[in-house]
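Some notes on the structure that comes next.
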Amino acid sequence: MSTIPGLERPAPVPNDLTKPFWDACNERRLVLQICTECEKLQYPPAQRCNECGSADKLEWKEVQGKGHIDVYFVIRDSRIRGFRSAQPINFAVITLDEDPGINFLSNLPGTPPGEVPVGAPVEMIFEATSTGQLVHEWQVLT
Amino acid sequence: MVSDTSWMRDREGLGVWEHRGKVAVVGWGQSHMDRRWDGVTMDRSCGGLAKEACLKAIADAGLSLDDIDGLITSADTRAEQTWAPRPYFAPPYDTEDGLIKASAEWINRELGFKNAKYFKSDASYIGPMMGLAAQAVGDGLCETALVWYPMVNLEGRYGHNNPQNSNEEAPGSSAFTLPWGYQSGAMFNNLVIFQQYCKKYGKSHEGLAPLCLNLRRNGLMTPWGYYAMHEPHQLTTDDYLNGRMIEEPLVIFDCDRPVNTCGAFIFTTAERAKDLRQKPVYVLNHAQNTGKGRSTMSTLEEHQEAVSSLARKMWEGSGLGAADVDIFNPYDGYLTFTQQFLEGFQWHGVKFGEAHDFYADDIRVEGPHPFLSSGGNNGTGRNRSVLYSDSIQQLRGTAGPRQVTVRADTALAGCNTPDSNGFIMFSKHPS
């Protein structure tokens, strides 16, 4: 379960396209698609390369879970049931150090709502959901 | 079902629109507006309001039912699934059609058009729908199209009863957003971009206050709008800044209020428009964006480029430039993204990072920069039609107390967000 009190995240449901990603999460690893044609990383996974359109050049590559906080806001009145008992809760955008054009969402476990150090370095952690599927999260480096 | 998009003008390099000045809007009708349907009054249901708006638009044009040969609408009524399961009513309200949407086939049956031959009910939302209508008339798929756009608000707190928001699992692409509380692109991605904007240009949420207040002011001069009818008082800066937080810093007054209503328009050929009741409002071009950013969240720079590209498409197809646009009514469904349109189109010379300064200047309809003279959806309730009806009224010279004092020969209006939208250029003159 999440380390954020009251939070019940909807659990990701892997499909044929995304199973390698979610399987890697369960091994506490971060893998992203990479296009061998244009060498661009891609996240979230897609059937084709968003850059060059190649459909058969996408492979999986393990990357380091290092990033920085770009911006954030605070969810105070969520429509999503599993978040209503956790609000206020941070909603941050994390850029990946290996390619800042790739970004991730984060609720920043361990950082009080509204006290987010924009620009700070973060590292990837993993949190469990109700099905046991791990999801990738980010924590401020201290 | 995926809508056909081959008619769209969604890329640069297409040149002047082939039907520039050969299509005109000649009628407009707006139904009654309520906060939500009461569930029992059938002429205030989606279907009832759609019929009301359609008949008003036809009458406004001075046409009869027999003159209509095209019926165009959208099923994007934002009804969500907040009401089902529930019992149906006596015909014609015995299916979803008529209750949460009003399809071309339903309206055809209800109003009895004898000559309708072109039916289209799958426009994705009003922005592309207006372009689709102009293109259909220009292409000769129909001569006179009735186009309507219902917005539906049913019982229950908006969004909270949607089954998707109670799901314990996140399937498909939502697996990469929902587990972190992401709700919608219009709200969440654009708030992310607003925060990037404030960070880059040293701005803050307070900079939106003058826009919000002026939209309410304009909305109170729109007699059929929600606030003019139901809550006829002006907001103050304190009201705005102390508004209930939704997603901090976004407050309730940044969000357009869901309502139950319908707007309708009549498109026809410029030739047919010559001898009709209203002064024709000609269409000079339409353009769309259907893009998406590279990663989970689109970025400020991606949206800035998206709107800049939209502007280039609009200038290319219409033969106009930023300085030629008199009336500008872009979507304000969340106030956080409206500035992207203002800056991307460079209306009144506003450049990237300057929107908040522009808002703090004189944007009243009596003043030199009557931005969103319609009052937008923030000032009239989320009907979306007002962006177009005000543009038409301003060019006709019938906007009443909202009539601008500057030149009103051309108008640019569109919906929805910077990366996904449809815009249309109107003019008093065909060329």
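Worth a mention:
- Figure legend: label point modelled 7 angstrom from the Cα of B:ASP409 along Cα→Cβ; residues of segment B:339-371 with amide N under 19 Å from it are B:347-349, B:368-370.
- Taking only the Cα atoms of segment B:36-142, the radius of gyration and Dmax are 14.3, 42 Å.
- Residue of B:GLY291, B:GLY48, B:GLY263 that the Gaussian network model of chain B assigns the largest fluctuation, springs spanning Cα pairs under 10 Å: B:GLY291
- Mean partner shielding of peptide B:244-257, defined as the number of other chain Cβ atoms within 10 Å of each residue Cβ, is 3.
- Once the C-beta distance of B:GLU96 and B:THR290 is scaled by a Förster radius of 25 Å, the resulting FRET efficiency is 0.40 to the nearest 0.05.
- Between the beta carbons of A:GLU62 and A:GLN139, assuming R0 = 25 Å, the FRET efficiency works out to 0.80 to the nearest 0.05.
- Residue order for A:THR129, A:THR36, fewest other beta carbons within 10 angstrom first, comes to A:THR36, A:THR129.
- Chain B: most fluctuating residue of B:TYR201, B:TYR331, B:TYR158 per GNM, C-alpha cutoff 10 Å: B:TYR201
- Cβ-isolated cysteines (cut-off 4.7 Å), the protein assembly as shown: A:CYS25, B:CYS46, B:CYS54, B:CYS142, B:CYS198, B:CYS212, B:CYS255, B:CYS262, B:CYS415
- In a simple Cβ point-charge model (Lys, Arg +1; Asp, Glu -1; nothing else charged), segment B:53-183 has a dipole of about 180 debye relative to its Cα centre.
- The fraction of all Cα pairs in chain B landing in successive 20 Å bins from 0 to the largest distance is 27, 61, 11, given as whole percents.
- The order of A:GLU137, B:GLU105, going from fewest to most other C-beta atoms within 10 Å of their C-beta, is B:GLU105, A:GLU137.
- For the residues A:GLN42, A:GLN64, A:GLN33, a GNM of chain A with alpha-carbon springs under 10 Å puts the largest fluctuation on A:GLN64.
- Under the simplified labelling scheme, the B:ASN242-B:LEU14 pair shows an inter-label distance of 4.9 nm, with each label point 7 Å from Cα along Cα→Cβ.
- In this rough spin-label picture, where each label sits 7 Å from Cα along the Cβ direction, the B:LEU55-B:LYS274 distance is 3.3 nm.
- Within 10 Å of the Cβ of each residue in B:186-197, the mean number of Cβ atoms contributed by other protein chains is 3.
- In plain terms, the C-alpha convex hull of the protein assembly as shown casts an average shadow of 25.0 nm² when viewed from every direction.
- A DSSP coil position with no more than 13 other Cβ atoms inside 10 Å describes the following trypsin sites (Lys or Arg not before Pro) in segment B:333-395: B:LYS351.
- Cα-centred dipole magnitude for segment B:127-253, charges only on beta-carbon of K, R (+1) and D, E (-1), debye, nearest 20: 400 debye
- Of B:HIS348, B:HIS233, the sequence from fewest to most neighbouring Cβ atoms within 10 angstrom is B:HIS233, B:HIS348.
- Excluding same-chain neighbours fewer than eight residues apart, the aspartates and glutamates reachable from A:LYS40 by a Cα-Cα span under 16 Å are A:GLU51, A:ASP56, A:GLU59, A:GLU62, A:ASP97, A:GLU98, A:ASP99.
- In this label model, A:THR36 and A:ALA55 are separated by 1.8 nm, measuring between points 7 Å along each Cα→Cβ vector.
- Remark: for residue pairs B:LYS120/B:LYS274; B:LYS114/B:LYS428; B:LYS51/B:LYS120; B:LYS120/B:LYS428; B:LYS56/B:LYS120, the C-alpha separation exceeds 24 Å in B:LYS120/B:LYS274; B:LYS114/B:LYS428; B:LYS120/B:LYS428.
- Inter-chain neighbour count for A:14-21: the average number of beta-carbon atoms from partner chains within 10 Å of each residue's beta-carbon is 2.
- Sparsely packed loop sites in segment B:69-145 (the trypsin sites (Lys or Arg not before Pro) outside DSSP H, G, I, E and B with at most 12 other Cβ atoms within 10 Å) comprise B:LYS114, B:LYS117.
Where a number appears in this text, it was derived from the coordinates with a stated rule and is not lab data. Just so we're clear, the structure is a prediction, and the values are computed from it rather than from any experiment. Ideal geometry is used to build each Cβ from the backbone, glycine not excepted, and the neighbour counts take in all protein chains shown.
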